[in-house]
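First up is the structure itself, then whatever we jot down about it.
The values are calculated or read from the model by the stated rules, or taken from the named source; none is laboratory data. Because the structure is predicted, anything quoted here is derived from the model rather than measured. For neighbour counting, all protein chains shown are included, and Cβ atoms are generated from backbone atoms with ideal geometry for every residue, glycine included. To get the accessible areas, we keep the full protein, side chains included, count just its heavy atoms, and leave off ligands, DNA and RNA. Shrake-Rupley method; radii C 1.70, N 1.55, O 1.52, S 1.80 Å.
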Amino acid sequence: MSEHPLTRPAAQVHFGVFFQGVNHTTIWSDPESGSQTDFASFERVARTAERGLFDAFFLGEGLRLRESRGALHDLDVVGRPDAITQLAALAAVTERIGLVATQNTTYNDPVDLARRLAGLDVLSGGRAAWNVVTTDNAWTGENFRRGGYLDHARRYDRAEQVLATARRIWDAWPAADAGDVAHVSVHGELLDAEVDPTTPRSPQGHPVIFQAGDSPQGRDFAARSADVIFSRHGSVLADALAFAEDIRARTVAAGRPEDDVKIFPGTAVVVGDTAAEAEEKDRWVRWNQVSPATALHVVGTIWGEDLSGYDPDGPLPAHDPVVAELGAEGGTSTTGARTHEVAARWRSLAEAEGLSIRQLVVRVTGERGFVGTPSAVADRLVQFVRTGAVDGFNISPWIIPSGLDDIVDRVVPELQERGAYRTAYAGTTLREHLGLRGPLTRRGPSGAHPAADARTPELVAR
C-alpha cells in the first residue's frame, strides 16, 4: 500500500457487468450454465446487478460469427439478439441500472442509430449508453456487401464523424419547450445526413458514451469523445496506474478536465471461503475456459496453420510460424503482433515452466482478475480505486446466469462495510450513477465543448 499512495481516499468502487457477445471464456459446458440467448438469462443477470447497485449492464455484440482460415469458428459462445432490442426489454424489468449497447460505427447509419439510441434513452428514463466500436475485418464487411470497407487506420475517422453526427441529432431537440426542433444537415468525407430528429431528449440529455480502443488512436478518441473507457488494464495495479496516467494526460490535452473520462477495466472475480479454496476455484475456472480444441486454435492462429492434429497436452510446434504478422482473426489483444516474436515468448515460457499447449494457453490468455476471500478481494478493489488506477470495474461473469451471485452477496457487503460502495442509488440516470458532467456538446457559454468538434472540421452542419 505504501508503494502506491491513496490519492483518492474517499473514492467509491463502481461496478458494471459485461455480458459478453462472442467469447470462449463463458463456461457453457458446466451443468450450472444457462442459455446465452434466452431473455430469462439476461433478465436474471440484470436484476442481480441492480440488486447489487451496479452502475450498468453492458451488452457485447458482434455483427457476424468469427471466421478462421476461411471457415466459421465454432468454439465460441455466440448468438446474441440485437443489443438495443434486448436492452429495451430489460428497461421494462429494471428501474435504475444503466443499459449499455455495443453499436458499430463502421456499418450503422448514424441517423438511424442516433434515433434508436435516443429511443432507448427516453424509454429507460435516461439510462442508455452507447459503447462505440469499429470493425475492419473483411468477413464482417461481407454481411454488408462491403468487404473490409475501411482501412484499419481509417476506422476511427468514421467513428468520430458518426458520433459527432449523432450528437448533433440529439442536440437538435430543444430542452423542455425552449424552441423548435432543428434540421440537421451533415456533409462529411465519409458520410452525409439530412434529418429532422423525431426523438426528444431524456433526463440525462444524451446517452453516455463508452469506448474500448486501446491503440494510441483509440485512446485519443476516448480522450476527446468518450465519457467512459473500457480497458484491459485492471488486474495489475502498476499497469492500471500507468494506463490511467496516460488517459488522463490525453484527456487534459483534449481540453477536458482530468477526471472527465471514467476508467472501467474489464475483470473477473473469483471468491472462496479461504484463500486456498479461491485459488483452487480459479484454477478450475481458467482450465474450463480453455478447451483442448480452443487451445489448439489459439496456438494455430499464431502459427498460421491448422494444428487440430496436435496433442493439446503435448509441446508447442517445433517449427516457426508460417505467417509474419497476425491478422484480424487473432482478436484485439494480439492483432498486428509479429507472430515470430509471440512464438518465441511462448516457447520460452513453456520451456521455463514445463507447459503443454493447453497449459500455456490457459497461462497467457486467462484474465487473472481478483481471486481470494470476499474480504481480501474487497481490499484489493478499494486499493485500485483509491490509488486512482480506476473508477470502477466491468465484471465478466465466468458463468451465466449465476455468475454475479457471489459478488453481489459476498463482495458488495464487504465494500459497503468499508464505506467504499453505495448503499442505495442516489439518482435515476446512468450519468448520475457514474458521477458524470453533462454531455460534451452542451457545456459552456456557447453550448459546445471546446474539443467536441475540433477533430471533425470536415463535417459541415447547416
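Name the residue, out of Asp260, Asp239, Asp311, Asp246, that is assigned to a loop (DSSP other than H, G, I, E, B), open to solvent by 40 Å² or more (accessible area, probe 1.4 Å) and of a type in the set (Asp, Glu).
Asp311
Quick one: what pairs do we get from region 210-227, first residue within 12 Å of Phe264 (Cα to Cα), second open to solvent by 10 Å² or more (accessible area, probe 1.4 Å) and not hydroxyl-bearing (Ser, Thr, Tyr), C-beta under 6 Å, 6+ apart or different chains?
Note: pairs meeting the criteria are Phe210/Phe230; Ala212/Phe230; Asp227/Leu436.
Look through region 24-58, keep the residues that are farther than 30 Å from Thr423 by Cβ and open to solvent by less than 10 Å² (accessible area, probe 1.4 Å), and return whichever of them is nearest to the chain's Cα centre (by Cα).
Thr26
Could you tell me which residue of region 225-236 is nearest to Asp55 (Cα to Cα), considering only residues that are open to solvent by less than 40 Å² (accessible area, probe 1.4 Å) and not hydrophobic (A, V, I, L, M, F, W, C)?
Asp227
Cβ contacts < 6 Å: first residue closer than 21 Å to Thr267 by Cα and touching a residue at least 40 places away in the same chain (Cβ under 8 Å), restricted to region 286-312; second residue among the hydroxyl-bearing types (Ser, Thr, Tyr) and buried (at least 20 other Cβ atoms within 10 Å of the Cβ), any location; separation 6+ or different chain. Result?
Gln289/Thr25
Taking the conditions exactly as written (within 22 Å of the chain's Cα centre (by Cα) and on the phi > 0 side of the Ramachandran plot), does Gly126 satisfy them or not?
yes
When the residues of region 405-433 are narrowed to those that are β-branched (Val, Ile, Thr) and in a loop (DSSP other than H, G, I, E, B), which ends up farthest from Gly388 (Cα to Cα)?
Thr428
Val122 versus (1) surrounded by 22 or more Cβ atoms within 10 Å (Cβ to Cβ); (2) modelled with pLDDT of 95 or more; (3) under 30 Å from His187 (Cβ atoms): which is the lone unmet condition?
(1)
Is there any pair linking a residue in region 189-206 that is farther than 11 Å from Ala118 by Cβ to one that is among the hydrophobic types (A, V, I, L, M, F, W, C), with Cβ under 6 Å and at least six apart or on different chains, and which?
Listed pairs, sorted by first residue: Ala193/Val111; Ala193/Val186; Val195/Val111; Val195/Val184.
Looking at region 117-128, is at least one residue closer than 30 Å to Asp406 by Cβ, among the hydrophobic types (A, V, I, L, M, F, W, C) and in contact with an Asp or Glu (Cβ under 6 Å, 6 or more places away or on another chain)?
Yes, region 117-128 contains a residue that is closer than 30 Å to Asp406 by Cβ, among the hydrophobic types (A, V, I, L, M, F, W, C) and in contact with an Asp or Glu (Cβ under 6 Å, 6 or more places away or on another chain).
Any idea how many residues of region 160-192 are closer than 20 Å to Gln103 by Cα, at pLDDT 95 or above and of a type in the set (A, V, I, L, M)?
5
For residues that are surrounded by 14 or more Cβ atoms within 10 Å (Cβ to Cβ) and in a helix (DSSP H, G or I), tally how many sit in region 267-278.
2
Condition test on Thr106, is it in contact (Cβ under 8 Å) with a residue 12 or more places away in the chain, in contact with a Lys or Arg (Cβ under 7 Å, 6 or more places away or on another chain), crowded, with 19+ Cβ neighbours inside 10 Å and under 30 Å from Arg201 (Cβ atoms)?
Against the criterion (in contact (Cβ under 8 Å) with a residue 12 or more places away in the chain, in contact with a Lys or Arg (Cβ under 7 Å, 6 or more places away or on another chain), crowded, with 19+ Cβ neighbours inside 10 Å and under 30 Å from Arg201 (Cβ atoms)), Thr106 qualifies.
In this structure, does Gly218 turn out to be at positive phi and either aromatic (Phe, Trp, Tyr) or surrounded by fewer than 23 Cβ atoms within 10 Å (Cβ to Cβ) (or both)?
no
Could you list, in sequence order, all residues of region 380-396 that are in contact with a strand residue (DSSP E or B) (Cβ under 7 Å, 6 or more places away or on another chain), open to solvent by 10 Å² or more (accessible area, probe 1.4 Å) and touching a residue at least 40 places away in the same chain (Cβ under 8 Å)?
Asp391, Ser396
Could you go through region 225-234 and let me know if any residue there is in a helix (DSSP H, G or I) and closer than 28 Å to Trp130 by Cα.
Yes: region 225-234 contains one or more residues that are in a helix (DSSP H, G or I) and closer than 28 Å to Trp130 by Cα.
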